[in-house]
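Reviewing the structure listed below.
The values are calculated or read from the model by the stated rules, or taken from the named source; none is laboratory data. Since we're looking at a predicted model, the values are computed, not measured. Here the Cβ is made from the backbone with ideal geometry for all residues, glycine too, and neighbour counts use every protein chain on show. Just so you know, the surface numbers come from the protein's heavy atoms only, side chains and all, with ligands and any DNA or RNA stripped out. Shrake-Rupley method; radii C 1.70, N 1.55, O 1.52, S 1.80 Å.
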Amino acid sequence: MSAPSRLRLGVNVDHVATVRNARGGHLPDPLRAARLAEAAGADGITAHLREDRRHIIDEDIAGLMRDLKVPLNFEMAATQEMLDIALRHRPHAACIVPEKREERTTEGGLDAAGQHNHLKPMVAKLRDAGIRVSLFIEADPRQLEAAVALGAPVVELHTGRYCELDGAAKQAELRRLQNAAALCARLELECHAGHGLSYADVGPVAAIPEVRELNIGHFLIGEAIFAGLEPAIREMRRVMDAARAAGAAA
Ligand code: PXP
């Protein structure tokens, strides 16, 4: 089998902002975390500006755009407010996610199929501004085909359910992710994955050859409390790369 493509790691710094906002003030600074993540080999930084600004705030996005050398992946709900912010900053990438006020974190994927008419002009405006659009969806063929119909070049497969399950159900969910990633290749969609990934779960997802990028946040920021952010990211990189290489050799 040929060598797998290099798997990119996007580090999500939202939860540095969660800790900051628990007290108000400026510390810990998500921008400092982003710079450390860059130094530790992150290929990109991801930040989700939620409607309620519970973690990342507008000034963080401005600071990340100003200071980062690696690309910013701006996670956004499909609202006019977020579209205007994305068009003002023009990040490298925008990932459209479903957002509910009452949820703790992004639950489930975007209904790209059911929201076609709402999403179509939004995807077009982002693309026209030179922003790489991705849609955060479940590993469901219907949603992948909807992404193609919307003109989105990238999808991010939601790995949250995979991470939460055990045993046979986990293996079945992994197969669903593998099948969706293979379908991405046939549909010429770039395939990313993320949500809930830890050292324990990342290997089988990293080994899916069509997956080009993982976005990981909560676990890394938690692990940073014990190990430091740079060592936590380097260890994630090591686990990802080892699984990728082993997958290619299998
Ligand atoms: N990808 C997307 C689209 C997300 O919404 C999130 C969570 O903000 C992540 C990846 C990262 O998930 P986690 O923080 O659980 O690693």
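Quick notes on this one:
- In this structure the amide hydrogen of residue 77, modeled in the peptide plane, comes within under 5 Å of the amide hydrogens of 97, none closer than 5 places in sequence on its chain.
- Rg over Rh, two decimals, the stretch 65-104 (C-alpha only, Kirkwood Rh): 1.02
- R0 of 30 Å, Cβ-Cβ distance residue 237-residue 22: FRET efficiency to nearest 0.05: 0.60
- Against the empirical curve 2.2 N^0.38 Å, the C-alpha radius of gyration of the stretch 4-84 lands at a ratio of 1.10.
- Rounded to the nearest 10 Å², the accessible area of residue 26 at probe 1.4 Å: 150
- Over the stretch 1-149: Rg over Rh, Cα atoms, Kirkwood Rh: 0.98
- Relative to its residue count, the stretch 153-250 spans a Cα convex hull of 94 Å³ per residue.
- Taking every protein chain into account, the accessible area of the stretch 18-141 amounts to 48 square angstrom per residue (probe 1.4 Å).
- Here the gap between residue 230 and residue 107, fully extended at 0.36 nm per residue and compared with their Cα-Cα distance, gives a gain of 41.5 nm.
- Radius ratio Rg over Rh of the chain, counting only Cα atoms, Kirkwood formula for Rh: 0.94
- Solvent-accessible area, 1.4 Å probe, carbon plus sulfur percent, for the chain: 53
- Think of it as helices only: each DSSP H run of n ≥ 4 in the chain is worth -39500 (n - 2.57), and spread over all residues that comes to -16000 deg cm²/dmol at 222 nm.
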